[in-house]
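The structure under discussion appears below in the form of structure tokens.
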Amino acid sequence: MSSEENKKLYGLLAEFKNPGELMDAAKAVNKAGYHKFDAYSPFPIHGMDEAMGLKKSKLGWIVLGHGILGMLGGIALQLWVHTTAYPMNISGKPEANIPAFIPVTFELTILLAAFGTFFGMFALNKLPKFNHPLFNSQTFEKVTDDGFFIGIEAEDDLFSVEKTEKLLKDIGASHVEKVYDSE
């Protein structure tokens, strides 16, 4: 029994020669119906999101929601403090002096939006993840310099080692390898 048989298959990693081939390959993999795949390159490639069929990020809505929560919380806290908890009559000014609430409301809006950004990114990126299975591949080290890769996860509904490997080779992959999880 080989060591590969003891490990869980993460997916297939295919190398392409240049960004143009990677873009064409991403379009072909997306068109073939795969959803759990990603493209890797040493620099951003314009149009790759569309080629991969990626949806807009939910992070903007998370940040907006937390910002609104911070704003409403800031106003509610100050209204409660000034009208109920510690009401004071200072020079005949109204207890609920909304213009005076602006600095605290602004700061709480920014604070909660920042927390929403930070924790939203953690959740959406499935962090913390201390080691990605692709780091087990010696070939993948080229991605920081001159490598262009597509990785298709074994968890994809359409994944079959033979069919997926054939697809990757048919669309121009110069090298295809199986990647195993390090569990």
Quiz prompt | Search result, residues across the stretch 23-70 that are crowded, with 18+ Cβ neighbours inside 10 Å and over 25 Å from Ala154 (Cα atoms) | solution = Ile62, Val63, His66, Gly67, Gly70
Exercise. Scan Thr84, Thr164 and give me the residue that is surrounded by 14 or more Cβ atoms within 10 Å (Cβ to Cβ), out of contact with any Asp or Glu (no Cβ under 6 Å at 6 or more places or on another chain) and part of a helix (DSSP H, G or I).
Key: Thr164
Exercise. Check Lys56, Lys93, Lys27 and return the single one that is under 30 Å from Lys163 (Cα atoms) and modelled with pLDDT under 95.
Key: Lys56
Quiz prompt | Where Ser182 falls short, out of the listed (1) hydroxyl-bearing (Ser, Thr, Tyr); (2) at pLDDT 95 or above; (3) not in a helix (DSSP H, G or I) | solution = (2)
Quiz item: modelled with pLDDT under 95 and either within 22 Å of the chain's Cα centre (by Cα) or polar (S, T, N, Q) (or both) - does that describe any residue in the stretch 104-121?
Solution: no
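Out of the residues in the stretch 10-65 that are among the acidic types (Asp, Glu) and touching a residue at least 24 places away in the same chain (Cβ under 8 Å), which is nearest to His132 (Cα to Cα)? Full working, then the answer.
Within the stretch 10-65, the subset among the acidic types (Asp, Glu) is 15, 21, 24, 38, 49-50.
If we keep only those that are touching a residue at least 24 places away in the same chain (Cβ under 8 Å) too, we end up with 15, 21, 24, 38.
Working: Glu15: 18, Glu21: 24, Asp24: 25, Asp38: 13 Å.
Out of the qualifying residues, it is Asp38.
The values are calculated or read from the model by the stated rules, or taken from the named source; none is laboratory data. What you are looking at is a predicted structure, and each value in this text was computed from that prediction instead of being measured. Here Cβ is always computed from backbone atoms with ideal geometry, including for glycine, and neighbour counts include all displayed protein chains.
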